[in-house]
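Comments concern the structure below.
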Amino acid sequence: MTAADVPKADMHVHLEGTITPTMVQKLAKRNNVSVPAGLIEDGVFAWDDDGTAAGNLKGFVQAYDDATSVMKCAEDYTDITYDYLKRSADEGCIYAEIFISADHGKMAGLTYPEMLAAITRGYEKAKQETGIEMRLISTCVRHYGPEAALRVAKITHDNPHPLVTGFGMAGDENAHTAADFKPAYDAAALPFRTAHAGEAAGPESVRDVRDVLNIRRFGHMVRAIDDPLLVEEQKKIGAVPEVCVSSNICLKAFKDYAAHPLRKFFDLGLKVVLGSDDPAFFGTSIGREYEIAQKHFGFSDDELKKITRNAVEEAFVDDATRARLLARLDQDVQPSQKHAPAARG
Ligand SMILES: [Zn+2]
């Protein structure tokens, strides 16, 4: 067995962040718009790497906005969802939990229910073909401000959907205070919640969302490593860090794999899960994140499987789905085995 054979879960991924350069070109053509100049070079997204965290973040945000600017209709959401889920399932992913943004849907000209219907169509096709399961986290953007967040929360609350099981917050962790977003989390009134913290901002941002917004699952949380007391507190409450190594390296939260706390978190007993974040922009996929964990952090197959077990145990799903996923985790025949020469008829 290798990392490729381990059943996987992608626990931190933004739908628009999965749009590949090939898909950008396809949608631009279909929607009769041009691909923004300089966005794609040699088949990959080119964003300025000036070697600083701020410069990289700026380049990334610009590329993200440019790439998503070609999305114009419901069919685009269906295609992006299917494309991401199919590729992930082919790498052994059994479950994906995706951040969706009503704000981005609106930019593509879709209402929230239209966006959800389109995503659901893509999911149903992928699920039928591969068995992959998916849930959605309706997500507000912190730097758009508390009022915009409350709008997203109200839309989410007023349009309940069986696949939307959580509310989340992405964007600039330094914008506003956590307390400013309490009304949004309360208004969404969903059973599960997560928030980005401890990536661009330090340990205090983790405490902030934990204590004010009652968060137990954290987008990133990696900078908690700077504060041993915080790590202990987080362990005590069973905190779940959604760790996205490639994202952290690309955006210079850590200078290299050796400096990254993934292994330390796991060894300290934190309930680590993995995510691809914005895979198309960071040249990654959930399969690659598991591979990196094995190759650069020394995770055995059993330890990787434990990470997937953590994910299923902490997934924003009902008990029946959780039981089904746990059963799959223990029995799944992975794609590389299915396609092994001996299995060919
Ligand atoms: Zn993220």
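Sequence neighbours fewer than 8 away in the same chain don't count; with that in mind, list the lysines whose C-alpha is under 25 Å from LYS154.
Candidates past the 8-residue exclusion: LYS72, LYS106, LYS182.
Calculate log10 I(q)/I(0) of segment 203-345 for q = 0.12, 0.19 Å⁻¹, where I(q) comes from the Debye formula with a single equal point scatterer on each Cα and nothing for solvent.
Result of the Debye calculation: -0.54, -1.23.
Among residues other than LYS271 whose Cβ falls under 10 Å from its Cβ, what is the net charge (Lys/Arg +1, Asp/Glu -1)? Working shown, then result.
Working: positive: ARG216, ARG217, LYS235, LYS306, ARG309; negative: GLU313, GLU314.
Result for the neighbourhood of LYS271: +3.
Using a probe radius of 1.4 Å on heavy atoms only, what accessible surface per residue do you get for the chain? Whole Å² is fine. Display every interim value, and only then the final one.
Numbers: 14310 Å² over 345 residues.
With all protein chains present, the chain gives 41 Å² per residue.
Ordering HIS176, HIS161 from largest to smallest accessible area (1.4 angstrom probe), what's the sequence?
Values: HIS176 95, HIS161 45 Å².
From most accessible down to least: HIS176, HIS161.
Determine which aspartates and glutamates satisfy two conditions relative to LYS252: a Cα distance under 12 Å, and not lying fewer than 8 residues away in the same chain.
The reachable aspartates and glutamates, counting only those whose Cα sits under 12 Å from LYS252, are ASP49, ASP50, GLU199.
Taking a quarter of the surface of the Cα convex hull of segment 1-127, what do you get in nm²? Please list the in-between numbers first.
On the way: hull surface 35.6 nm².
Computing the convex hull of the Cα atoms and averaging its projections yields 8.9 nm².
Debye calculation, C-alpha points only, no solvent: report log10 I(q)/I(0) for segment 88-226 at q = 0.10, 0.16, 0.19 Å⁻¹, in the same order as the q values.
Ignoring solvent entirely, the Cα scatterers give -0.34, -0.83, -1.08.
If eta is 1.306 mPa s and T is 10 °C, what Stokes-Einstein diffusion coefficient results for segment 240-302, Kirkwood Rh from Cα pairs, in µm²/s? Display every interim value, and only then the final one.
Values: Rh = 11.7 Å.
Approximately 135 µm²/s, per Stokes-Einstein.
If you place +1 on the Cβ of every Lys and Arg and -1 on the Cβ of every Asp and Glu, how big does the dipole about the Cα centre of segment 204-345 come out, in debye to the nearest 20?
Numbers: 22 positive and 23 negative charges, 71 e Å.
My answer is approximately 340 debye.
Could you look at the chain and say what percent of its accessible area is carbon and sulfur, using a 1.4 Å probe and all protein chains?
Values: 7530 of 14310 Å².
Accessible surface attributable to carbon and sulfur in the chain totals 53 percent.
List, in order, the whole-Hz ³J(HN,Hα) value for each residue of segment 136-145 obtained from phi through the Karplus relation with A = 6.51, B = -1.76, C = 1.60 and θ = phi - 60°; use x for Gly and Pro.
10, 10, 5, 10, 9, 10, 4, 7, 7, x
Compute the distribution of all C-alpha to C-alpha distances in segment 117-156, in bins of 10 Å from 0, and list the percent of pairs in each, rounded to whole numbers.
Computed distribution, short to long bins: 27, 33, 25, 15, 0.
Place a label point 7 angstrom from the Cα of LYS86 along the Cα-to-Cβ direction, then list the residues of segment 126-141 whose backbone nitrogen is under 18 Å away.
Label zone hits: 126-134.
Kirkwood hydrodynamic radius, computed over distinct alpha-carbon pairs, for the chain: how many Å, to one decimal?
Working: mean 1/r = 0.0495 Å⁻¹.
Final number for the Kirkwood radius of the chain is 20.2 Å.
The values are calculated or read from the model by the stated rules, or taken from the named source; none is laboratory data. Because the structure is predicted, anything quoted here is derived from the model rather than measured. Please note: Cβ atoms are built from the backbone with ideal geometry, for glycine as well, and neighbour counts cover all protein chains shown. Just the protein is used for accessible areas: all its heavy atoms, side chains included, with ligands, DNA and RNA removed. Shrake-Rupley method; radii C 1.70, N 1.55, O 1.52, S 1.80 Å.
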